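For reference, the structure is listed below as structure tokens.
The values are calculated or read from the model by the stated rules, or taken from the named source; none is laboratory data. Note that the coordinates shown come from a computational prediction; the quantities given were computed from them, not determined experimentally. Here the Cβ positions follow ideal geometry from the backbone for every residue, glycine too, while neighbour counts run over all protein chains shown.
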Amino acid sequence: MTLAEAAAQADELSAQGAERELADLRKQWDDEVEAAARDADYRVRAQAYRAIGQFRYRQKLELLRRGLEDESPACRGSALISLELLSRDHPSTVNAERPLLHRMIAADSNDAVRRLAVLSVKNGSPQRDSILILQSLADDDEADAALRQTAKKVADLLVRKSRTR
């Protein structure tokens, strides 16, 4: 079985609520995920960062942070997908990386990575600085249309969340 196959199986086990089987699979693949995240090939690293979320490896958040800062847009994107997944039930995951996410939203060279960073912020607490950055991006006529639209939707969602607190 490959790391991608094991990660897909882990994702299925998590969806089924099979915590014991998921924990066993995590133990079995722990070293392989760590090694893959340090591989010279960006495709292998990207798979490792994606697997962190699929395995629900909350203890690998520091490794995931390295993925957010990787030189490869594919690695940053995979790390953002995992961050978004891990933060669905734990807003603190996003809150801890908020300054980095803000930098990615504002200045990443890849629009797909910027969109994924915007989507990740939606799972955090509705902080004013995030809302302002997203609203500014939504109003930026020079930004990619899909990015502006995503930023507007997430900003509106965060505003609604802030009102229900």
Are any residues in region 15-52 in a loop (DSSP other than H, G, I, E, B) and within 17 Å of the chain's Cα centre (by Cα), and if so, which ones?
-> none
Tell me, please, whether a residue that is under 13 Å from the mean Cα position of the chain (by Cα) and in a loop (DSSP other than H, G, I, E, B) can be found in region 57-65.
-> yes
Can you tell me which residue within region 86-134, out of those that are buried (at least 17 other Cβ atoms within 10 Å of the Cβ) and more than 26 Å from S72 (Cα to Cα), is modelled with the highest pLDDT?
-> I131
Across (1) of a type outside the set (D, E); (2) at pLDDT 95 or above; (3) within 19 Å of A155 (Cα to Cα); (4) more than 8 Å from the chain's Cα centre (by Cα), A74 clears everything bar (3)
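Identify the residue in region 34-47 that is hydrophobic (A, V, I, L, M, F, W, C) and in contact with a Leu (Cβ under 7 Å, 6 or more places away or on another chain) and, among all such residues, is surrounded by the most Cβ atoms within 10 Å (Cβ to Cβ).
A37
Within region 133-152, does at least one residue satisfy the condition of being free of Cβ contacts under 8 Å to residues at least 40 places away in the same chain, in contact with a His (Cβ under 9 Å, 6 or more places away or on another chain) and of a type outside the set (F, W, Y)?
Yes, region 133-152 contains a residue that is free of Cβ contacts under 8 Å to residues at least 40 places away in the same chain, in contact with a His (Cβ under 9 Å, 6 or more places away or on another chain) and of a type outside the set (F, W, Y).
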Only one of R103, R160 is within 22 Å of E71 (Cα to Cα), among the charged types (D, E, K, R) and out of contact with any strand residue (DSSP E or B) (no Cβ under 8 Å at 6 or more places or on another chain); which?
-> R103
Any hit, region 56-63, residues being touching a Lys or Arg at 6+ places or on another chain (Cβ under 8 Å) and buried (at least 22 other Cβ atoms within 10 Å of the Cβ) | no
On the given criteria, is L134 in contact with a Gly (Cβ under 7 Å, 6 or more places away or on another chain) and either more than 29 Å from F55 (Cβ to Cβ) or not assigned by TED's automatic domain parsing to the domain that holds Q47 (or both)?
-> no
